[in-house]
């Protein structure tokens with residue numbers, strides 16, 4: 001008789017990634033037809049690279065304003081392989097982002113095309129120490145996604161990092177070499193830049209650090225400059241992801257690059273955000289159209305209003321629904337936005353305050369775990385790098401489900417109930433069933449061999 005580990009998080013309860021009494025599979029002798037969530041392990045899809053969050057300057061500065069005890073609690077909560085969420089991925093901004101304490105670049109000297117003054121000392125103040133602690137706690141390589149919000153001001157048509165503008169054509173070669181220097185500089189600090197995106201949100205002229213690319217400009221840059229530079233610098237294994245913006249244009253932007261064979265050979269994946277809505281079908285279309293292209297959720301978060309929202313649990317359900325929908329349409333990796341923010345929802349140099357799964361009050365030296373933290377954990381703790389998605393079907397839209405087989409042979413099945421009522425179902429796999437009950441507004445992970 002196969003035993004099933006049952007882990008539950010539930011609204012208005014003490015159940016927060018809490019183990020429940022184990023369930024058991026029994027032979028489906030009666031041929032159950034109703035209330036089934038079915039697994040089909042002979043239908044296998046994408047492989048998971050991992051889960052993680054962004055270690056921004058805001059996150060790192062906030063961490064180091066808290067007491068050593070709270071610092072350890074936060075690092076353990078995310079990166080410890082058993083006590084925490086088991087994160088193995090991180091995102092770092094190349095130069096400053098809105099969640100920096102101000103604009104900065106690694107080359108500030110105007111006209112330094114040779115990049116002789118390249119210097120990551122600003123990152124060494126807080127970001128890199130936090131990443132190093134995270135990696136040590138994880139006990140494995142922390143794979144970092146590097147994303148630029150803007151080139152240095154002098155490389156842009158507007159001569160400023162904020163409010164959009166474009167990369168000056170004569171700076172493309174230097175900008176490509178800039179990425180390579182970033183990768184090598186982080187490597188010298190014992191950190192692995194596993195992947196790069198060409199530009200964060202290349203369609204948006206933001207009040208903060210931003211830079212505009214058309215799909216064709218992104219294609220040409222990766223084809224003629226970035227891809228060749230990474231190869232020349234011995235960094236051909238660093239994965240390059242295009243787009244890095246909202247899902248509603250994922251299909252078109254991926255297609256512009258991938259339909260050019262010369263550009264496509266340098267591209268490993270397409271990254272996307274969630275701010276324009278679910279658009280799970282768009283993820284699925286790209287997965288079907290380019291089955292060898294990896295798909296990454298590279299950023300998601302909720303606004304500062306969630307600090308005082310009347311139903312803060314809904315924040316977690318938003319995360320669960322989006323992660324589930326993306327996974328079921330071919331997503332390989334998932335990276336949240338800031339892992340930590342302060343009592344204001346920052347720091348942020350343009351007052352674009354947000355919420356995070358963990359928030360820290362740097363005045364009172366307290367930390368708070370928000371609903372999104374618990375929902376993320378139902379995926380990241382149990383769906384491990386190298387896991388492969390197996391097909392599922394569900395009897396009702398009142399439940400959402402996804403399932404994976406881990407490298408160690410265990411299955412992890414995540415089922416979510418966003419309704420006001422209790423939902424009963426039978427988990428069915430290999431002609432066996434395990435009766436389950438999910439309370440209202442809850443999420444569960446079932447693990448078994």
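Laboratory data are not the source of any read-out in this text; all were calculated from the coordinates shown. None of the values given here were measured: they were computed from a predicted structure. Using ideal geometry, Cβ is built from the backbone for each residue, glycine included, and neighbour counts are taken over all protein chains shown.
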PRE zone check, label point 7 Å out along Cα-to-Cβ of residue 344, amide N under 14 Å, scope the stretch 283-300, hits none
Here the relative contact order (percent) of the stretch 34-147, from C-alpha pairs under 8 Å and at least 6 apart, is 33
If you average the sequence gap of Cα pairs under 8 Å that are 6 or more apart and divide by the length of the chain, what percent do you get for the contact order?
23
Which ordering of 374, 243, 313 is given by a fewest-first count of other beta-carbon atoms within 10 Å?
313, 374, 243
Counting residues in the stretch 252-369 as N, plug N into 2.2 N^0.38 Å and put the Cα Rg over that result.
1.28
Fraction of beta bridges assigned by DSSP in the stretch 49-382 that are antiparallel (%, nearest 5):
15
The FRET efficiency for residue 3 and residue 33, from their Cβ-Cβ distance with R0 = 22 Å and rounded to 0.05, is 0.30
Counting C-alpha atoms alone, how compact is the stretch 50-120: give Rg to one decimal and Dmax as a whole number, in angstrom.
15.8, 49
The helix 127-138 Cα axis meets the longest alpha-carbon principal axis of the chain at an angle in degrees, between 0 and 90 and rounded to 10, of 30
Taking the mean number of other Cβ atoms within 10 Å as a proxy for protection, how do you rank 68-80, 32-44 from highest to lowest?
68-80, 32-44
Quick one: among 359, 229, 26, which has the greatest mean-square fluctuation in a GNM of the chain with alpha-carbon springs under 10 angstrom?
26
FRET efficiency (residue 132, residue 260; Cβ distance; R0 35 Å; to 0.05) is 0.35
How far is helix 68-79 tilted, in degrees, relative to the longest principal axis of the Cα atoms in the chain, given as a value from 0 to 90 rounded to the nearest 10?
70
Going fewest to most other Cβ atoms within 10 Å around each Cβ, 160, 416 line up as 160, 416
Could you state the orientation-averaged shadow area of the convex hull built on the Cα atoms of the chain, in nm² to one decimal?
20.6
Whole number please: convex hull volume per residue of the Cα set in the stretch 1-52, in Å³?
176
In Å, the Kirkwood hydrodynamic radius of the stretch 31-171 over pairs of distinct alpha carbons?
17.9
In degrees, nearest 10, range 0 to 90: what is the angle between the Cα axis of helix 280-289 and the longest Cα principal axis of the chain?
70
